[in-house]
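> Quick one: the structure is below, and I'll ask about it shortly.
The values are calculated or read from the model by the stated rules, or taken from the named source; none is laboratory data. What you see is a predicted model, and the numbers here were worked out from it, not measured in a lab. Backbone-built Cβ (ideal geometry, glycine too); neighbour counts: all protein chains shown. These accessible areas exclude ligands, DNA and RNA; they are computed on the full protein's heavy atoms, side chains included. Shrake-Rupley method; radii C 1.70, N 1.55, O 1.52, S 1.80 Å.
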Amino acid sequence: ISVYYNPKEDMPKVAYFTEGEKKGIFSNAIMHSPVITFPGVSSWRDMINGEPGNRMIDKLKALGVRICIVAYDADKENNANVLRQQYAVAQALMAEGFLVGLAHWSTKYGKGLDDLLAGGHVPGFELLGSRN
């Protein structure tokens, strides 16, 4: 798991979670928000494992992250495992006290968050538990 964050340029209140290091590097440079990347969609558990206070999730809290946007690839609608893992990481983040949103975009704008941003677009998102 990697965290891409530039304290001189980024606003840490909202963090994005996705799969793939290159997506994280590019997305952070464009959005100026922390981007946390997983080497695989199910490897997110490593951020909540470990000694309380020393876990990656604790470091994100200390950084000031309050809202987490899970931005798994747009093909999640056709890949049951990706969709299942998206909801699992979202539930884990909510259990840690974060407000959580699920990013969405049309596959016509690209598969990954980086593709979407490279095309000049930004992801929409739906806050979990929101009625709006």
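> Counting only C-alpha contacts under 8 Å and six or more residues apart, can you give the relative contact order of the stretch 1-128 as a whole percent?
The value is 24 percent.
> Can you tell me the convex hull volume per residue for the stretch 1-66, based on C-alpha atoms, in Å³ to the nearest whole number?
Hull volume normalised by residue count: 70 Å³.
> Could you estimate the translational diffusion coefficient of the chain from the Stokes-Einstein equation, with Rh from the Kirkwood formula over C-alpha pairs, at 20 °C and 1.002 mPa s, in whole µm²/s?
Estimated diffusion coefficient is 146 µm²/s.
> Still on this structure, I have one more. Per residue, what accessible area does the chain have, given a 1.4 Å probe and all protein chains present, in Å²?
53
> Let me ask something additional. If you roll a 1.4 angstrom probe over the protein chains with everything in place, what fraction of the accessible area of the chain belongs to carbon and sulfur, to the nearest %?
51
> Further question on the same structure: Separation between the Lys59 and Lys108 pseudo-spin-labels, each 7 Å from Cα along Cα→Cβ, expressed in nm?
Label at Lys59, label at Lys108, 4.1 nm between them.
> Does anything in the stretch 91-132 have its amide N under 20 Å from the 7 Å Cα→Cβ label point of Glu21, and if so which residues?
From the stretch 91-132, the list is 112-115.
> With each pseudo-label sitting 7 Å past Cα toward Cβ, what's the Gln91-Val122 distance in nm, one decimal?
3.1
> Name the residues whose placed amide hydrogens come within less than 5 Å of the amide hydrogen of Glu19, ignoring near sequence neighbours (fewer than 5 apart) on the same chain.
Phe38, Asp73
> Using a 1.4 Å probe, how large is the accessible area of Asp114, given in Å² and rounded to the nearest 10?
40
> On to the next question. Once you've got the GNM for the chain with C-alpha springs shorter than 10 Å, pick whichever of Gly120, Gly110, Gly64 has the biggest mean-square fluctuation.
Maximum among the listed residues: Gly120.
> Same structure again: Exposed loop trypsin sites (Lys or Arg not before Pro) only (DSSP loop, at most 14 other Cβ atoms within 10 Å): please give the longest stretch of the chain free of them, not including the sites.
The longest such stretch corresponds to 14-65.
> When the helices in the chain are scored as -39500 (n - 2.57) per DSSP H run of 4 or longer and the sum is shared across all residues, what 222 nm value do you end up with, to the nearest 500 deg cm²/dmol?
-9000 deg cm²/dmol
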